[in-house]
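Laboratory data are not the source of any read-out in this text; all were calculated from the coordinates shown. Predicted model, so just to flag it, every value in this text is computed and none were measured. Here the Cβ positions follow ideal geometry from the backbone for every residue, glycine too, while neighbour counts run over all protein chains shown.
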């Protein structure tokens with residue numbers, strides 16, 4: 001394994017670690033700020049932090065900031081922020097943080113499908129085996145949630161549906177982002193998608209808020225200041241850069257399978273921080289998910305790709 005490959009695997013691990021803390025941290029902010037507010041604030045701030053590096057890449061690549069450029073990243077930002085992240089944030093409010101983490105983390109299955117269709121990446125037997133075992137692991141992990149009678153309400157089911165839609169859109173965004181990265185850069189794609197997507201969501205939220213006689217910017221930041229900064233800077237700006245930079249240099253479907261580890265990791269963090277119980281289902285799920293990751297990494301690369309890396 002080369003030094004550069006190790007670096008991007010570390011990026012991926014750090015990104016997933018930070019992603020795994022999101023539901024736990026955001027749970028403490030829901031009474032102080034609305035789902036739409038936290039979504040557009042975190043992407044506007046996260047994208048702005050990366051903007052100086054994006055501007056540097058624009059100059060180095062001599063990229064023209066024309067209508068096509070802004071239209072491209074407005075569409076990408078709408079997919080990521082307005083649709084995927086906003087819907088998942090609403091899903092957390094309607095259902096549970098653990099269910100959101102589990103359902104959203106099934107995106108590798110659809111990333112693999114979109115990668116084979118759009119990027120022409122080969123769907124090998126190893127990848128398929130890893131995906132199947134990973135999905136079983138996720139199912140075992142979330143079994144207790146759906147077996148609890150009080151959870152099964154129309155609002156809870158709506159939340160689950162919104163999370164699934166958000167996950168599908170994120171899967172598509174992941175593949176399209178990798179397709180754009182060689183032409184632009186990870187900094188440009190992440191920064192401009194975040195900022196433009198955040199602006200679109202903010203405009204929608206402002207319009208809806210003032211139409212209903214509500215100030216869309218009003219919230220008491222003193223109640224959630226550390227959590228707010230962490231979500232905006234670490235979970236959004238830094239984590240998204242690490243994740244998509246790793247994906248631009250590693251196999252898309254294999255890298256996205258690292259998302260399988262998010263639910264058990266988030267549950268472990270919830271047990272440590274929020275004193276939630278670790279169930280037998282969770283332990284079995286963790287074993288299956290780690291097995292899926294091992295199989296995918298060990299047997300998921302086709303022979304042509306292996307030969308290419310040796311050269």
Virtual spin-label span in nm between residue 215 and residue 233, 7 Å along Cα→Cβ: 2.6 nm
Anisotropy class of region 1-141 from Cα gyration tensor, a/c 1.5 cut: oblate
Inter-site label distance for residue 28 and residue 62 at 7 Å from Cα along Cβ, in nm: 5.1 nm
Contour excess over end-to-end distance, with Cα ends at residue 157 and residue 225 and 0.36 nm allotted per residue: 21.3 nm
C-alpha center-to-center spacing [region 166-188, region 51-74] in angstrom: 15 Å
Shape of region 38-81, Cα gyration tensor, a/c cut at 1.5: oblate
Length-normalised contact order for region 20-99 - Cα pairs under 8 Å, 6+ apart - percent: 63 percent
Gyration tensor verdict on region 1-74 (Cα atoms; rounded if a/c is under 1.5, prolate if a/b is larger than b/c, oblate otherwise): oblate
Length released on extending from residue 53 to residue 69, taking residue separation times 0.36 nm less the Cα-Cα span: 4.1 nm
